[in-house]
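The values are calculated or read from the model by the stated rules, or taken from the named source; none is laboratory data. Keep in mind that this is a model prediction, so the values were computed, not measured. Because the Cβ atoms are built from the backbone with ideal geometry, glycine has one as well, and the counts that use them run over all protein chains shown.
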């Protein structure tokens with residue numbers, strides 16, 4: 001797995017050079033081809049279809065390395081790798097249909113809540129529904145859709161469909177991770193073979209249908225703990241990337257009024273110190289979290305791990321915010337990489353998995369012995 | 001909206017009238033805000049409506065059909081407009097206030113801009129690159145590139161700043177926009193609709209009467225004071241500078257808090273964002289307290305400016321620094337109020353472009369402006385308190 005991370009580091013300068021273009025025009029097919037060739041999308045894919053079946057620590061590190069240079073690319077790789085883990089948890093016939101001919105097929109999934117229905121159609125299903133702001137549909141061949149209801153069942157279902165079978169609509173969007181090209185999607189009466197629809201609890205729970213007996217980690221254990229940590233490495237990476245870009249720019253920067261070297265201002269020096277401390281403390285917690293996920297977190301540690309994750313994200317967000325705030329008018333220029341990292345991390349940090357409110361209070365409840373509301 | 005053309009109305013509108021007209025425009029500005037951001041400029045229709053409503057005449061001299069309102073009128077109008085669109089507010093409040101600059105210049109320059117009671121938007125270009133300003137018979141010849149010219153797409157005139165060869169002082173040069181070209185280099189996150197693009201001038205002649213040194217423009221009794229009697233044209237302009245930024249800043253802050261409250265009202269009480277949640281309650285109260293404090297501080301700031309200028313009183317040195325400090329602090333209060341709320345929102349509000357995101361982007365853009373730059377202003381204010389030399393010349397002057 002070190003080779004794969006080394007490849008990511010090797011590819012990073014090229015991705016950094018393209019990051020501005022990626023942000024304004026989207027991830028290009030050439031970039032996707034390079035990422036595919038590097039095997040990044042297959043990081044968590046089961047070995048049965050030639051995947052690397054790597055540990056989640058490698059997944060987090062890959063997101064971090066790519067996040068340092070290009071948030072949108074990091075997001076696409078992380079999302080596709082995570083979706084490949086989910087497909088590896090599906091039944092063998094489903095995996096065979098998706099990867100039999102093309103084991104490199106790219107898969108995405110929805111993250112914001114949408115809704116759809118599965119209606120019986122003989123031995124298959126007919127799927128209809130809509131999901132807002134789904135990323136990666138322009139490059140993915142397949143998409144996993146969540147939040148489905150199924151006649152006669154009270155549980156939530158998921159299904160995987162071909163992106164060619166759904167409608168996508170572009171939306172006006174000025175936030176971060178623009179290169180991902182978030183689109184609203186609609187599925188209208190799409191035929192889904194029974195192997196490609198499943199109860200969410202079966203897909204996400206321990207010992208899913210696609211797992212080899214006794215397997216652990218992202219392919220065999222309950223998946224939520226991994227899904228919840230899919231963004232934290234990327235968030236830390238974005239902050240580290242912003243820090244690197246900021247220091248490079250600031251070493252050479254001269255104030256617009258007065259023509260002084262900005263690097264000589266004490267407050268600039270001091271805030272850089274604070275920012276570095278933010279990143280180092282975040283990194284220390286991240287290393288603990290990563291090691292825990294590599295080993296397999298015991299259930300009694302998950303609430304504390306989630307608190308750490310929210311804390312890491314907060315440190316990273318505050319670090320980038322502090323840096324961009326010191327850049328004057330250039331701080332808002334879209335061509336400024338620190339501004340891009342800022343937009344990206346602000347967007348990533350809104351994910352519930354990184355929510356300060358949710359995870360701080362939950363830890364407090366655990367510590368004080370207050371039961372969770374049902 | 002029923003608006004009488006400014007030139008056909010015999011009695012000029014009061015500030016309350018203009019605020020009412022601005023308020024009436026808010027819904028349509030809000031409707032257009034996403035397009036304004038995408039197009040990186042305010043629409044022609046919006047500009048026409050602004051002119052029709054007389055919203056750019058608050059500092060236009062009465063001799064030219066203007067209203068000669070008190071200092072601070074623009075801040076109140078801008079604050080209201082920002083509830084719909086901060087970029088539009090910026091054009092009216094910040095760019096629009098440049099009328100006072102022209103009204104302090106020579107009567108001939110004023111005739112060029114406003115003769116017959118014309119409407120005019122006057123942009124400025126202060127950040128210059130590769131500029132050459134050579135004296136020529138009867139004036140100067142200018143070439144160069146000036147950045148951050150807010151509203152330049154709709155401006156009729158532009159004040160470009162620079163130092164002529166053989167001089168050490170900075171001057172403003174007033175050009176009709178027909179004589180310069182616009183370079184579309186404005187790609188930003190926040191305040192995108194201000195269209196603050198660069199302008200290029202190439203060997204353009206400017207007559208001397210349309211130039212004025214920055215010192216003379218800002219000092220008491222500039223050339224225009226001979227014909228325009230309001231204190232806005234005759235009093236020292238230095239203590240006024242920068243205040244106009246607070247109109248759109250406070251307005252955007254208020255608008256974001258209002259959006260947050262609307263989300264709470266719309267909540268069915270089941271999600272994370274609901275008024276029964278204690279963390280939400282704390283944050284809302286903290287943020288409304290900050291906006292409330294910012295409102296009062298801005299009111300005090302403008303009242304103090306009006307007091308000194310209206311009475312033609314000298315401003316003590318300590319008060320000069322206090323005006324800058326309070327301006328900077330007001331901006332920070334507004335930003336902090338909104339940043340707290342934004343950090344509390346769910347992913348859907350960012351991906352689905354809830355309007356609060358735009359208000360936050362705009363506020364983020366505005367607080368990066370040099371006029372409210374925390375480090376520069378606060379360090380200079382402290383130096384001024386101890387009588388030390390500062391980077392703000394007005395603090396050092398006697």
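Is it the case that residue B:371 is farther than 22 Å from residue B:286 by Cα, at the interface with another protein chain (Cβ under 7 Å from one of its Cβ atoms) and under 21 Å from the mean Cα position of the chain (by Cα)?
no
When you go through (1) away from chain B (no Cβ under 13 Å); (2) touching a strand residue (DSSP E or B) at 6+ places or on another chain (Cβ under 9 Å); (3) without any contact (Cβ under 8 Å) to a residue 24 or more places away in the chain one by one for residue A:260, which number turns out not to apply?
The number of the failed condition is (1).
Considering each residue of region B:99-132, count those that are under 17 Å from the mean Cα position of the chain (by Cα) and modelled with pLDDT under 95, and give that number.
3
Answer yes if at least one residue in region A:358-372 is in contact (Cβ under 8 Å) with a residue 12 or more places away in the chain, facing chain B (nearest Cβ under 10 Å), in a helix (DSSP H, G or I) and within 27 Å of residue A:226 (Cβ to Cβ), and no otherwise.
Checking region A:358-372: at least one residue is in contact (Cβ under 8 Å) with a residue 12 or more places away in the chain, facing chain B (nearest Cβ under 10 Å), in a helix (DSSP H, G or I) and within 27 Å of residue A:226 (Cβ to Cβ).
Output the residues belonging to region B:26-44 that are out of contact with any helix residue (DSSP H, G or I) (no Cβ under 8 Å at 6 or more places or on another chain) and more than 20 Å from residue B:255 (Cβ to Cβ).
B:44
Take residues that are under 28 Å from residue A:255 (Cβ atoms) and tell me which of the helices (runs of 4 or more DSSP H) falling wholly in region B:73-182 contain 1 or more.
Helices (runs of 4 or more DSSP H) meeting the threshold: B:73-81, B:86-90, B:99-103.
Quick grid of which residues meet (1) assigned to a helix (DSSP H, G or I); (2) under 23 Å from residue B:74 (Cα atoms); (3) within 14 Å of chain A (Cβ to nearest Cβ):
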| position | (1), (2), (3) |
| --- | --- |
| B:284 | yes, no, yes |
| B:288 | yes, no, no |
| B:294 | yes, yes, no |
| B:305 | yes, yes, no |
| B:309 | yes, yes, no |
| B:325 | yes, yes, no |
| B:329 | yes, yes, no |
| B:341 | yes, no, yes |
| B:345 | no, no, yes |
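Quick check on region B:316-323. Is at least one of its residues within 19 Å of residue B:295 (Cβ to Cβ), in contact with a helix residue (DSSP H, G or I) (Cβ under 6 Å, 6 or more places away or on another chain) and either within 12 Å of chain A (Cβ to nearest Cβ) or touching a residue at least 24 places away in the same chain (Cβ under 8 Å) (or both)?
Yes; the residues of region B:316-323 include at least one that is within 19 Å of residue B:295 (Cβ to Cβ), in contact with a helix residue (DSSP H, G or I) (Cβ under 6 Å, 6 or more places away or on another chain) and either within 12 Å of chain A (Cβ to nearest Cβ) or touching a residue at least 24 places away in the same chain (Cβ under 8 Å) (or both).
If you scan region B:374-392, which residues turn out to be under 21 Å from the mean Cα position of the chain (by Cα) and touching a residue at least 60 places away in the same chain (Cβ under 8 Å)?
B:392
Which pairs do you get when a residue that is away from chain A (no Cβ under 14 Å) and surrounded by fewer than 17 Cβ atoms within 10 Å (Cβ to Cβ), found in region B:189-211, comes within reach of a residue that is part of a loop (DSSP other than H, G, I, E, B) and modelled with pLDDT of 95 or more, reach meaning Cβ atoms under 6 angstrom, with the pair 6+ apart or on two chains?
Going by the 6 Å Cβ cut-off, the qualifying pairs are B:207/B:138.
Please find, within region A:310-332, the residue that is nearest to residue A:230 (Cα to Cα) out of those that are assigned to a helix (DSSP H, G or I) and touching a strand residue (DSSP E or B) at 6+ places or on another chain (Cβ under 9 Å).
A:332
May I ask you to list the residues in region A:310-325 that are within 10 Å of chain B (Cβ to nearest Cβ) and surrounded by fewer than 23 Cβ atoms within 10 Å (Cβ to Cβ)?
Once the filter is applied, which keeps residues that are within 10 Å of chain B (Cβ to nearest Cβ) and surrounded by fewer than 23 Cβ atoms within 10 Å (Cβ to Cβ), region A:310-325 yields A:314, A:318, A:321, A:325.
Only one of these is more than 14 Å from chain B (Cβ to nearest Cβ) and surrounded by fewer than 19 Cβ atoms within 10 Å (Cβ to Cβ): A:186, A:169. Name it.
A:186
Taking residue A:181 and the conditions (1) more than 30 Å from residue B:392 (Cα to Cα); (2) surrounded by fewer than 21 Cβ atoms within 10 Å (Cβ to Cβ); (3) touching a strand residue (DSSP E or B) at 6+ places or on another chain (Cβ under 8 Å); (4) within 14 Å of chain B (Cβ to nearest Cβ), which numbered condition does it fall short on, given that it satisfies the others?
(2)
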